[in-house]
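Written out below as structure tokens is the structure these notes cover.
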Amino acid sequence: MKSKIYIGLLMFAFIFLGSFLQVEAAKQYDYKSAEFKAVASQFACTCGCGQDHYECDPNTCNLTTDFKKDLVEMMNKGWDKDKIRAYYVNIYGEEILTAPEKSGFSLTAWVLPFVVLGAAALAVLFIIRKWVKKRGPEGPVTEYENTEDEIEEEILSSMIDEERKKYL
Amino acid sequence: MFLFANATIYIGLALAVYSLLIITLGISTKNQRLINSGKGGMIALLVCSSLAMMSLFYLLATSSFQYEYVHDYTSSELPIIYKLTALWAGNAGSLLLWTFFLTLYMIMIAFSRKLKGNPMVPYVSAILLANAVFFFFILGFVAKPFLLLDNVPIEGKGLNPMLQNPGMIIHPVTLYLGYVGLAIPFAFAMAALILKNVDDFWIKMTRRWTIIAWLFLSLGNIFGGQWAYVELGWGGYWAWDPVENASFMPWLTATAFLHSVMIQERKNMLKIWNISLIIVSYALTLFGTFLVRSGVLTSVHAFANSNLGLYFLIFMGVAVIGALYVLMSRYNMLKRSAGEFNSFVSKESSFLVNNLLLVGAAFAVFWGTIFPLVSEAVRGTKVTVGLPFFNKVEAPILLSMMFVMAVCPMLAWQRSTVKNLKKNFMIPAILAVLGMVLMVVLGIQKAWAVIGYGVIILLLITHFLEFYRGVKARRKMTKESPLVALYRLMIRNRRRYGGYIVHLGIAFIAMGIIGSQNYDLETMKTVSLGQSIELKDYRINYDRLDQKREGINDIVYADVTVFRNGKKLGTYQPEKVFYGNWEQPSSEVAIISSLKEDLYIVLSAWEDDGKATFVVKVNPMMNWLWIGSFMIVIGALFAVWNGKYGNVTPRYTGARKEVS
């Protein structure tokens, strides 16, 4: 019986300590920690500051103060950043995110720059090939062994130019 | 004063319209007298815009609050320097500044010694005058700088405290100088096309203008970033805000232009591409202004939302359609003279890849910036496209760009054989890989950082070799001492070596960006008096919290003593300023700067019992960013400096007309 009481007391103490620690943790939570950044920087603050909830200053924006507290609560519950993200997107829609989703129509935001770049790269390749072919194999080419020769020639021509200017 | 100031705007508008019409008439009737009259009108236009500027400066300095602009952006206790610089704090004033720069540039072109007797001048003048008509129209009817209020207020609203910073004095000025500067090569390109003069005269003639415009655009962005870093208390310098993007896009396309013109100069190729690039760069400057002034996108850059943006959009549309029409009508001429490449592997090819990446990066920024509008139009959801998007999309493109930058100096013009390539590349590549391995061993293990720094090592080595080989080649022929050889080598080819200095500057900036983005540390802690905060090697002792009054502002400040590895660095005072005439307080951060890193301390909040909350940040390699920026300025100035060598005025060989 005694041991049961001890266990009971111990459990009580543990729970109390846990909740105490949790309160302390919430109070002293480092809003600038890397873990918090990973979660909070996903969400755009709508107070008009144009920042995300990681950057937005809780001392000047009430909106972010509450939002940050909610995020910490969820993190304490063991939710990871993707779960928290899904939770908010479910409520507020994609508008709350700082970057578009990588699905549906928003995927075009991510993909199009690279598609255009790829297509343009192919076009450049095609154009260079066309221009190289056009020259034909026997065209006269000043072929430099390396850049050093090229520089030497440039220096020489600039010196000749200099001399020419002196006397002409 | 009211009448005088307004007269400068409306007479200016009348003069701009007159000059435009008379020059156009002069061109069509080939009458030099009419052209000269138009040129006289242009001088009068500069006088008008100068007087308008002086009037506004005077009204701001004397706190004439009966004027809406003065009332909205200043207050009587504001230091005189900020009273004056409030000229570009609002819509109307900043557009007046823009107009002033435009008229100034216009005169510099129309009366340029080098262009004396050149038939392009009337055309260039007419195109710039069309711009001036638009700006004077805006100043006269849309954003009026000299509007009177119904009653005379005792006090003004004051200047946004965020703008009361040296960075803000110069940031808008440099940006506008860059924006307006891009109108010059655009006007020359159009004039060349209209005159059916499709050689590279316009490029050679405007080369300096383009570099100067590019330099000012770079400076505008750098000063903006520097201001954000010291003033916003957020510890960052670039947020990919729509307005920042708006100035970054023309910078990217202008950079592409500066490189691709070399192919036209050397090989008489890429004519259509170069003209397209300058049209796009010019259009993007107007697009940027549309974004800033229209309020279609959420931005931290607080210009009042108005229909002003719409006017810019319409003007941009007209300019682009007009330019494309001229381009298309000369398409066959431009196409006919297309040249050829000698090899896949050559400097020419690498410039094409460089253009591909720069324009690709500009497109990615453009797409990300307008995507919220696209998304709203397509499915009714206005998504936010912020920092995470741009960082992820731009990082690989710009890193590839850095790689091309590293490789390019090693490639010869015309043709580089694989054998030579191997010979030139083997040592730099091995050293870069060794550097990367060393980084991993030393604990730098983030992929982006390792790859990024690897590419930068390659870039530094290839550029060093470029200087080294140049000096060696010169010494072989002249037997000069190494320093003399280096100096003479550089001043005889200012553009090339100036460009390399800019490359090195970009490498330094990239080092700063990679370091500060990947290895920054941050903490936010509430501490009691006497307690300390520890971050990395730093200990910040919180010693005192006090309040003082400066003018009408209340300042709460904390004394903190900073130690690194136990060694005292000094006492610093992060502040929070509460303004007498502004609702939002601002943070004055304490920055302890070194080459290795910045310690960034923000006083965030405090309680009655003396407890205070600090945000402390360690930003690695921030100074590298500023050093790199400085190198860009040096490099660009070196490239455009009016030296003894290679400073030949290009010969005009195009169409001859009777008027000039």
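Quick notes
- When each of B:Thr24, B:Thr8, B:Thr85, B:Thr103 is tested for being under 21 Å from B:Ile127 (Cβ atoms), β-branched (Val, Ile, Thr) and crowded, with 21+ Cβ neighbours inside 10 Å, the lone residue that passes is B:Thr103.
- Looking only at region B:482-537, residues that are part of a loop (DSSP other than H, G, I, E, B) and away from chain A (no Cβ under 12 Å) come to 6 in all.
- Which numbered condition B:Gly530 fails, given (1) buried (at least 16 other Cβ atoms within 10 Å of the Cβ); (2) at pLDDT 90 or above: (1)
- Filtering region B:475-515 to residues that are without any contact (Cβ under 8 Å) to a residue 60 or more places away in the chain and not aliphatic (A, V, I, L, M) leaves B:Arg475, B:Lys476, B:Thr478, B:Lys479, B:Glu480, B:Ser481, B:Pro482, B:Tyr487, B:Arg488, B:Arg496.
- Screening B:Met162 with (1) assigned to a loop (DSSP other than H, G, I, E, B); (2) touching a residue at least 40 places away in the same chain (Cβ under 8 Å) gives one miss only, at (1).
- Test: residue in region B:429-437 that is touching a residue at least 24 places away in the same chain (Cβ under 8 Å) and within 14 Å of chain A (Cβ to nearest Cβ): no
- Residue among B:Met410, B:Met439, B:Met426 that is surrounded by 22 or more Cβ atoms within 10 Å (Cβ to Cβ) and not assigned by TED's automatic domain parsing to the domain that holds B:Glu244: B:Met410
- Candidates B:Leu352, B:Leu356, B:Leu387, filtered to the one that is surrounded by 14 or more Cβ atoms within 10 Å (Cβ to Cβ), more than 17 Å from A:Thr108 (Cβ to Cβ), within 7 Å of chain A (Cβ to nearest Cβ) and in contact with a strand residue (DSSP E or B) (Cβ under 8 Å, 6 or more places away or on another chain): B:Leu387
- Against the numbered list (1) within 30 Å of A:Glu101 (Cβ to Cβ); (2) more than 10 Å from chain A (Cβ to nearest Cβ); (3) among the charged types (D, E, K, R), B:Lys422 comes up short only at (1).
- Flag for A:Asp70 being more than 25 Å from B:Leu535 (Cβ to Cβ), away from chain B (no Cβ under 12 Å), within 20 Å of the chain's Cα centre (by Cα) and at pLDDT 90 or above: no
- Screening B:Lys596, B:Lys576 for residues that are buried (at least 19 other Cβ atoms within 10 Å of the Cβ), basic (Lys, Arg) and either modelled with pLDDT of 90 or more or under 22 Å from B:Trp624 (Cα atoms) (or both) leaves exactly one candidate, B:Lys576.
- Just one of the listed residues (B:Val365, B:Val345, B:Val318, B:Val374) is in contact (Cβ under 8 Å) with a residue 24 or more places away in the chain and in a helix (DSSP H, G or I), and it is B:Val365.
- Of B:Gly178, B:Gly167, B:Gly90, all but one fail to be at pLDDT below 90, closer than 25 Å to B:Gly12 by Cα and not hydroxyl-bearing (Ser, Thr, Tyr); the exception is B:Gly90.
- Set B:Ile81, B:Ile23: member being more than 30 Å from B:Asn165 (Cβ to Cβ) and either more than 31 Å from the chain's Cα centre (by Cα) or assigned by TED's automatic domain parsing to the domain that holds B:Leu96 (or both): B:Ile23
- Single match in A:Pro113, A:Pro100, A:Pro58 (criterion: within 11 Å of chain B (Cβ to nearest Cβ), touching a Lys or Arg at 6+ places or on another chain (Cβ under 7 Å) and either surrounded by 16 or more Cβ atoms within 10 Å (Cβ to Cβ) or not charged (D, E, K, R) (or both)): A:Pro58
- If you go through region A:33-89 and keep only what is polar (S, T, N, Q), assigned to a helix (DSSP H, G or I) and in contact (Cβ under 8 Å) with a residue 40 or more places away in the chain, you end up with just A:Asn76.
- The residues listed here are B:Ile27, B:Ile43; of these, the one that is in contact with a Pro (Cβ under 8 Å, 6 or more places away or on another chain), farther than 22 Å from B:Pro172 by Cα and not in a loop (DSSP other than H, G, I, E, B) is B:Ile27.
- Condition met for B:Leu373 (at the interface with chain A (Cβ under 8 Å from one of its Cβ atoms), out of contact with any helix residue (DSSP H, G or I) (no Cβ under 7 Å at 6 or more places or on another chain), at pLDDT 85 or above and farther than 24 Å from B:Ile275 by Cα): no
The values are calculated or read from the model by the stated rules, or taken from the named source; none is laboratory data. Here the structure is a predicted model, which is why all the values come from computation and not from measurement. No Cβ is skipped: glycine too gets one built from the backbone with ideal geometry, and neighbour counts run over all protein chains shown.
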